[in-house]
Amino acid sequence: MVEKRRIGIIGGTFNPIHLGHLMIAEVACESFNLEKVIFVPARIPPHKQHDVIDSHHRYAMTAAAVSDNPNFEISDVEMRREGPSYTVDTIQHFKMLYGPNVEFYFIAGTDTIRALPTWKFIEELLNEVHFIGATRPDGSSAIDETLDILGPKAREKIHLMEVPEMKLSATYLRERLRSGKTVRYMLPKCVVEYIEENHIYGKE
């Protein structure tokens with residue numbers, strides 16, 4: 001039996017993309033022997049409507065951030081979709097694109113894994129895709145609660161991945177940008193340059 005190829009998918013608002021996103025994708029690629037990781041910015045994220053900048057800026061920043069890593073790609077599948085971006089539709093798109101000999105691994109942080117019981121079509125997703133839950137050294141208990149809620153299938157399809165401690169969030173970074181504080185070594189240099197050139201996340 002031929003072993004299936006493994007491809008990672010990391011979706012999100014990327015508002016803005018930061019080094020935490022890139023680190024998680026890189027560690028997942030190594031830890032789960034992924035052929036590549038595809039970044040999928042959401043045009044209309046269903047769970048985040050507040051304080052979200054225009055999708056073309058978020059896409060451009062993500063494209064710039066992943067451009068120097070040969071294991072990373074970006075997809076505009078959710079940029080081209082009308083209405084909110086649901087992961088189940090995105091997974092179906094990639095399954096049709098790549099065929100039956102690929103297993104997909106959806107990469108997410110602890111907060112996203114904790115929220116999985118509220119996702120539309122979560123039962124279908126657990127049949128279609130593996131999840132990689134990135135945890136901090138002390139953060140696995142939140143994912144354990146999710147596994148208890150979702151049942152045996154989740155324990156088979158949700159995998160834990162410990163990542164180095166990096167307390168970065170897009171909300172925190174937007175606050176720093178708006179108050180004129182440094183984001184050096186928190187965002188890729190190309191993303192900082194894009195933000196400055198396009199005058200987004202302006203100072204308050």
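The values are calculated or read from the model by the stated rules, or taken from the named source; none is laboratory data. Predicted model only: the values in this text are computed from it and were never measured. Glycine also receives a Cβ, built like all others from the backbone with ideal geometry; neighbour counts cover every protein chain displayed.
Within region 116-126, identify whether any single residue is among the hydrophobic types (A, V, I, L, M, F, W, C) and more than 19 Å from Gly12 (Cα to Cα), and answer yes or no. No; the residues of region 116-126 include none that is among the hydrophobic types (A, V, I, L, M, F, W, C) and more than 19 Å from Gly12 (Cα to Cα). Does Ala64 satisfy the condition of being crowded, with 17+ Cβ neighbours inside 10 Å, under 13 Å from the mean Cα position of the chain (by Cα) and either at pLDDT 95 or above or aliphatic (A, V, I, L, M) (or both)? So Ala64 does not fit the description; no. I'd like to know if region 6-24 contains one or more residues that are part of a strand (DSSP E or B), aliphatic (A, V, I, L, M), farther than 21 Å from Ile113 by Cα and touching a Phe, Trp or Tyr at 6+ places or on another chain (Cβ under 7 Å). No, region 6-24 has no match at all.
Hey, among the residues in region 29-49 that are modelled with pLDDT of 95 or more and closer than 20 Å to His93 by Cβ, which one's surrounded by the fewest Cβ atoms within 10 Å (Cβ to Cβ)?
Looking at residues that are modelled with pLDDT of 95 or more and closer than 20 Å to His93 by Cβ, I get Glu35.
Restricted to region 127-141, and to residues there that are surrounded by fewer than 19 Cβ atoms within 10 Å (Cβ to Cβ) and more than 17 Å from the chain's Cα centre (by Cα), the residue that is modelled with the lowest pLDDT is Asp138. Condition check for Val52 on (1) part of a loop (DSSP other than H, G, I, E, B); (2) among the aliphatic types (A, V, I, L, M); (3) closer than 27 Å to Val163 by Cα; (4) modelled with pLDDT of 95 or more: one failure, at (4). Output the residue which, of all residues in region 142-188 that are at pLDDT 90 or above and among the basic types (Lys, Arg), is farthest from Phe121 (Cα to Cα). The extreme case among them is Lys181.
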